[in-house]
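Bear in mind that the values in this text are calculations on the coordinates, not laboratory data. Everything numeric here is computed off the predicted structure, so don't read it as measured data. We place every Cβ from the backbone using ideal geometry, glycine too, and count neighbours over all the protein chains shown.
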Ligand code: ACK
């Protein structure tokens, strides 16, 4: 039996590779004290006897801190399915972890940023101005946000997965690259403001352009008020980076803040700068040399101001007598001034009024760009050539037909302008045998498109009118029209990507409404989408009777209208406004979230009109975040003034993109009535048992928590709410403020009549 047990031990040692003296090849013993030999861990080997460790196989590594018993590991493969979302000059990236972690748990991510598209065609490192949230290196999460990028710039982001042995591997980096183009953004705040000449009634200021103008600065807005009197401030607009503010009180301190505006909107105000006027007795000047210049510019300013006032007071302007006024466009314009307290004097211009005046004629008043209806030109050819560049047909190569438009084929091709690189374009052609009216209407679209310059509006390259066929050349959008694209890719996008698309459309629409242009046919079929999933508004027909839209149907009043997309007031009495475009935008939201589903399915147009009139609305699409459906319902308010404005929609979508968890709450599945329309009840008027019930009834349930937290927990307390309180509570949407205040008003009236026990 002794022999037997000795043989057993011997057998065991052989199996474990150990003998009492040495380990055999393929086994190791890290320290002589170890009782037995261990098999080399995965991806390691030893050919020697008596090894104290194993070597890693080719392409596998071991960190110094890895125990010898741990497998050898390798760098991870590349991250997968990276998606990007661009918001002005910020980019949000999201990806999923690599398929192969290399056998380690310490995977993190590194973001390399390259700026591409310089004239040399090479990419360069982004530089230190770009900020990474939370960080650029050692990212543990699978998302990151880059902020402070340059506007309108092509970037490539490389997301690399790294682990503890990546730095030992000589192999090429494993990364996934994402190409994005940033959008237009508002300018950064002005940081330097200097005082010039100071007198008893005036202060001269000069400032530097913002560090990041992000576009062409159209104007500056100078806000000022007497110290501690902030409620009464004055705003002056200036195109230059200096101004003399007159009409100030002697020996008084004034606070100044300046902001810049580009086509993307206003940037943030600068910090407050405090300057004091000199006392009455002193005619001092801190910069005497400027006096003559300022005196001349003030005089020129006053004369111009008088001219503009005279023009504005003379009422609207017709085409032929606008010549002198349009020449004003080229001249430095006087500052328009208004004061919140004093109301408007002749020189103090209501911004609405400003807009109205240049709606009526071709004059462009300072800073504000407005759409000019090509119909106001006696000769439509003049409009085309004012707004669209003539392109030589020889610069265009037509490649293939991609669709059919009302006036002829739509083709894709390439445009090679002298001194520029060739790039892809879409080409709309006018079919042969056209009438003069058809030519005018066809080119009318170019006259309209050519007035716009926004990353979410289809860009016009130019027109061919001097040879045949007549053509309209625009930027090429690789993914074609949005409705078809979504149908083809049903369910393929993240909510953030869908919201990114909607944000782009809203931003384009905000631009159009700021320009005073009402689209009238906003629908997913009229949105184009490019390879970066950037959506752009297109289809700017001149006559807007929507002849070319197969969805448009004749109404009883004779107009041709795309019923399912159109607001009730536009169907009933042709009241087309930016608010009716907002209604259509709500339908586009619904189309996008439901991946191109037909609004109201197979209901007839007549049934749609009737249902909407009766207060029914489309139900939420499947898997729709509650915040998005709420926004759709807001866009479909019967009262057009209660609908959100496009700028409010853009900021709301921005908020959702910044805080993606807010999109996780879906509309309650049980409250979803598929195939049935949701009843959209009018303002509640019954007695409400609780604040929550009241807010729910007027579709403002989202504010219940805020009301309760701020002490408005009973209807008694709610009855005291003022508009100021609402703003303080964060109810910033004008439509919501109106809704809550008018419901309160309604209840108070009933209370007076003894009808509602508040
Ligand atoms: O869905 P689609 O491919 O996208 O089919 C229609 C077709 O032409 C008729 O309008 C396509 N299309 C129109 N404009 C453009 C453009 N700028 N870039 C790419 N495709 C375009 C549209």
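Taking the stretch 407-502, how much of its Cα-Cα pair set, in percent, is spaced more than 17 angstrom apart?
Of the Cα pairs, 60 percent sit more than 17 Å apart.
Taking a ≥ b ≥ c as the square roots of the eigenvalues of the Cα gyration tensor of the stretch 448-541, is the shape rounded (a/c under 1.5), prolate (a/b larger than b/c) or oblate?
Details: a/c = 2.32, a/b = 1.48, b/c = 1.57.
Here the stretch 448-541 falls in the oblate category.
Roughly how many nanometres apart are two label points built 7 Å out from the Cα toward the Cβ at residue 738 and residue 659?
2.5
How long is the stretch 137-176 along each principal axis, judged by its Cα atoms, biggest number first, in Å?
That gives 38, 21, 13 Å along the principal axes, largest extent first.
Could you give the alpha-carbon Rg of the stretch 195-239 over 2.2 N^0.38 Å, rounded to two decimals? Could the numbers behind the result be given before it?
Values: Rg = 13.1 Å, N = 45, 2.2 N^0.38 = 9.3 Å.
So the stretch 195-239 has a normalised radius of gyration of 1.40.
Please arrange 226, 436, 390 by counting, for each residue, the other beta carbons lying within 10 Å of its beta carbon, fewest first.
Placing the least packed residue first, the sequence is 436, 390, 226.
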